[in-house]
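This report concerns only the one structure given below.
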Amino acid sequence: ANVIATLAPEEWQPRWVAQIFQTSIRMQVLERVNAHLRGDLSTIGRRISHDLRTPLAAIYNACEAINEAKAEPTADVEMFTGSIATSTNELIQLIGRMSLILRASAEPAQPKLVSMDEIVFATLQRLEARILRQGATVTKPAVWPIVRGVESWLEAIWLNLLANALQHSGSAPQIELGWSEVPGHFRFWVSDRGSGVTQQKVAKLFYPFHILHRLNAPRGLGLSLVQRLVELQGGTCGYEPRVGGGARNRALVDGRRA
């Protein structure tokens, strides 16, 4: 950090000069500590992603192999292996989210111009099997804007918002993706026709990531991850009831082109 101070000739006194130098030294120390902590967060994020996900993937594959090894697996075996596989998959997803948020916080990325059309397409491709399995209908605009943001973060935002809609909008869900332009920004949303959220729970939907240690914090990290990634790009996010029933989760993203 650069410390710039200007003193008038009559203020050029030893105590003021000393104070400036002391402030400069403290800021340099804080800068080094901050860099060290960022390095720790980045290392933890990468180690969590690799060192924990690898054995969990092996457990998941072992469950699949047990079922395939038996010509006619019993209902008990399928129940236990299915439970293990489901829990393992949830852990893998949770670890992925934790790793992403740690690395995003530790390694600030420079935003660039991104085609939201390509981001949404990539997200829908990743969720295609789940969308088909649930019999979901996803509608979206024919045209999307160009925004300024971090490509991988934007994809993670859409992925978690869509996954949340698929999870909470019942059978054969009908989901709508959309956007609108507001002064200086674009607003994007994912709407569903589920049961919605009670007013008492709205405040905890996008739970700030830095207070997830509280006992009453939600277990899932999807919407907290969304909030953090949106904030890191200078935007905001929130929830509003959908007209006719259901929910709309929205995110405000920088729309400046220069």
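The values are calculated or read from the model by the stated rules, or taken from the named source; none is laboratory data. Given the structure is predicted, the values throughout are model-derived calculations rather than measurements. Heads up, the Cβs are rebuilt from the backbone with ideal geometry, glycines too, and the neighbour counts pull from every protein chain shown. Protein only, heavy atoms only, side chains kept; ligands, DNA and RNA dropped before computing areas. Shrake-Rupley method; radii C 1.70, N 1.55, O 1.52, S 1.80 Å.
Semi-axis lengths, largest first, of the ellipsoid equivalent to the range 62-164 are 35, 19, 9 Å, with √(5λ) applied to each eigenvalue of the Cα gyration tensor. The length gained by stretching the chain between residue 57 and residue 121 to full extension, at 0.36 nm per residue less their Cα-Cα distance, is 20.4 nm.
The residues of the range 96-191 expose on average 48 square angstrom of accessible surface per residue, using a 1.4 Å probe on protein heavy atoms.
Of the peptides 130-137, 25-32, the order by per-residue mean of other Cβ atoms within 10 Å, starting with the highest, comes out as 130-137, 25-32. Peptide packing for 59-65, 114-120 was compared via the average number of neighbouring C-beta atoms within 10 Å per residue; ordered from the highest value, the list is 114-120, 59-65. Is the range 145-195 best put as rounded, prolate or oblate by its Cα gyration tensor, with a ≥ b ≥ c the root eigenvalues, rounded for a/c under 1.5, and otherwise prolate when a/b is larger than b/c, oblate when not? Because a/c hits 1.5 or more and a/b fails to exceed b/c, the range 145-195 counts as oblate. Between residue 69 and residue 21, residue separation times 0.36 nm minus the direct Cα-Cα distance comes to 10.1 nm. A crude spin-label estimate for the pair residue 13 and residue 152, with each label 7 Å from Cα along the Cβ direction, gives 5.3 nm.
Each residue, residue 182 and residue 139, gets one label point 7 Å from its Cα in the Cβ direction; the gap between the two is 2.3 nm.
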